[in-house]
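Participant: One structure is given below, represented as structure tokens, and several questions about it will come after.
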Amino acid sequence: MRRAGGAGSRGGPLRLSRTLPRMITPSGEALVRDHTVYSCVMGSRAFGLATDGSDTDRRGVFLAPTPLFWRFDKPPAHVEGPADEQFSWELERFCELALRANPNVLECLHSPLVERADATGRELLSLRGAFLSRQAHGTFVRYALGQRRKLDADVRQHGAPRWKHAMHLLRLLAGCRDLLRTGGLTVEVGAAREELLAVKRGEVPWPEVERRMARLAEENDAAAAASPLPAEPDRARIEDFLIRTRRASALAASPPAGGSAG
């Protein structure tokens, strides 16, 4: 009599294990090279604040093959490089951060300088609005306050702030204010370029920069109170996207139905 479910029986655990592809865990560099679904340029070039000598900062999202998550050694949540000024997140980590209204990640989704977007990347971009909520008020302003404390420390220790950081703090606060007012995130600074670059060059006195920061913080508070954005992001919609994407990756890695089990 044949034992049901035994280790060597047909349909038992050994047969199941043979249907899984044997995968060599790729390096972070290989994951970025071979599995990037979305990449863009960020930093001063995306903000419209580039000058001679500005770096080109690249950000991206890669989709680690689903079978890699079935191992003890999981794929990395993010990868630095392989190029200079390049940073990429694994799709799930990217979505987690975007759902928390992380300023850097949300801005990455709205870069005007997209370099690559495959079918998964295009769907991710189509979901940009699902990540946006009034939670941005807390995360953007909290991040700005942290930067402000660093600037104050610079003034105490060195007599002046790091002007580039002061410029970006003003940019961030203005961007969040406009997001809360309109429900849409715009990365480019547009007509504010010259005013912001004057701050970067140290041409605006620090007390005036402080006044602008205080005014923008107040405008953020007022905009949050009347914002058209929902209170929370559409987590269910993003989760559905992630599950479908993981499932498709798993199916793509599986051998054809009816193929040899070994």
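Participant: Condition first: closer than 30 Å to Trp163 by Cα, out of contact with any Cys (no Cβ under 9 Å at 6 or more places or on another chain), exposed (fewer than 15 other Cβ atoms within 10 Å of the Cβ) and hydrophobic (A, V, I, L, M, F, W, C). Can you find one or more residues in the range 73-88 that meet it?
Facilitator: yes
Participant: Return the only residue of Arg100, Arg122, Arg156 being charged (D, E, K, R) and touching a helix residue (DSSP H, G or I) at 6+ places or on another chain (Cβ under 9 Å).
Facilitator: Arg100
Participant: Can you pull out every residue in the range 51-66 that is surrounded by fewer than 16 Cβ atoms within 10 Å (Cβ to Cβ) and touching a helix residue (DSSP H, G or I) at 6+ places or on another chain (Cβ under 8 Å)?
Facilitator: Selection gives Thr51, Ser54, Asp55.
Participant: Which number in (1) part of a helix (DSSP H, G or I); (2) surrounded by 12 or more Cβ atoms within 10 Å (Cβ to Cβ); (3) not assigned by TED's automatic domain parsing to the domain that holds Leu91 marks the one condition that Gly202 misses?
Facilitator: The single condition Gly202 does not satisfy is (1).
Participant: Can you give me the number of residues within the range 221-241 that are buried (at least 16 other Cβ atoms within 10 Å of the Cβ) and under 30 Å from Leu91 (Cα atoms)?
Facilitator: Total satisfying the criteria: 7.
Participant: Conditions first: (1) touching a residue at least 24 places away in the same chain (Cβ under 8 Å); (2) within 17 Å of Leu49 (Cβ to Cβ); (3) of a type outside the set (S, T, N, Q). Arg235 passes all but one, so which condition is the exception?
Facilitator: The single condition Arg235 does not satisfy is (2).
Participant: Could you tell me which numbered condition Ala214 fails, if it satisfies all but one of (1) surrounded by fewer than 16 Cβ atoms within 10 Å (Cβ to Cβ); (2) touching a His at 6+ places or on another chain (Cβ under 8 Å); (3) in a helix (DSSP H, G or I)?
Facilitator: Exception for Ala214: condition (2).
Participant: Moving on to the next point. Quick one: in the range 28-46, which of the residues that are of a type in the set (A, V, I, L, M, F, W, C) and more than 16 Å from the chain's Cα centre (by Cα) is surrounded by the most Cβ atoms within 10 Å (Cβ to Cβ)?
Facilitator: Here the residue is Leu31.
Participant: Can you name the residue in the range 93-118 that is of a type in the set (Asp, Glu) and touching a Ser or Thr at 6+ places or on another chain (Cβ under 9 Å) and, of all such residues, is nearest to Val41 (Cα to Cα)?
Facilitator: Glu115
Participant: Would a scan of the range 150-161 turn up a residue that is more than 26 Å from Arg247 (Cα to Cα), touching a residue at least 24 places away in the same chain (Cβ under 8 Å), surrounded by fewer than 18 Cβ atoms within 10 Å (Cβ to Cβ) and not assigned by TED's automatic domain parsing to the domain that holds Thr56?
Facilitator: Yes.
Participant: Residues that are charged (D, E, K, R), at least 3 per element: which helices (runs of 4 or more DSSP H) completely within the range 57-176 meet that?
Facilitator: So the answer is 91-99, 135-158.
Participant: May I pose another question? Can you confirm whether Ala136 is aliphatic (A, V, I, L, M) and within 19 Å of Ala174 (Cα to Cα)?
Facilitator: Against the criterion (aliphatic (A, V, I, L, M) and within 19 Å of Ala174 (Cα to Cα)), Ala136 qualifies.
Participant: Related question: Given (1) surrounded by 17 or more Cβ atoms within 10 Å (Cβ to Cβ); (2) out of contact with any Ser or Thr (no Cβ under 7 Å at 6 or more places or on another chain); (3) under 26 Å from Arg93 (Cα atoms); (4) not aliphatic (A, V, I, L, M), identify the lone condition not met by Thr186.
Facilitator: Exception for Thr186: condition (1).
Participant: Being acidic (Asp, Glu) and surrounded by 15 or more Cβ atoms within 10 Å (Cβ to Cβ) narrows it down to one residue among Glu123, Glu115; which is it?
Facilitator: Just a single option satisfies the conditions, and that option is Glu123.
The values are calculated or read from the model by the stated rules, or taken from the named source; none is laboratory data. Note that the structure is predicted; figures quoted are calculated from it, not measured. Every residue, glycine among them, receives a Cβ derived from its backbone with ideal geometry; neighbour counts consider all protein chains shown.
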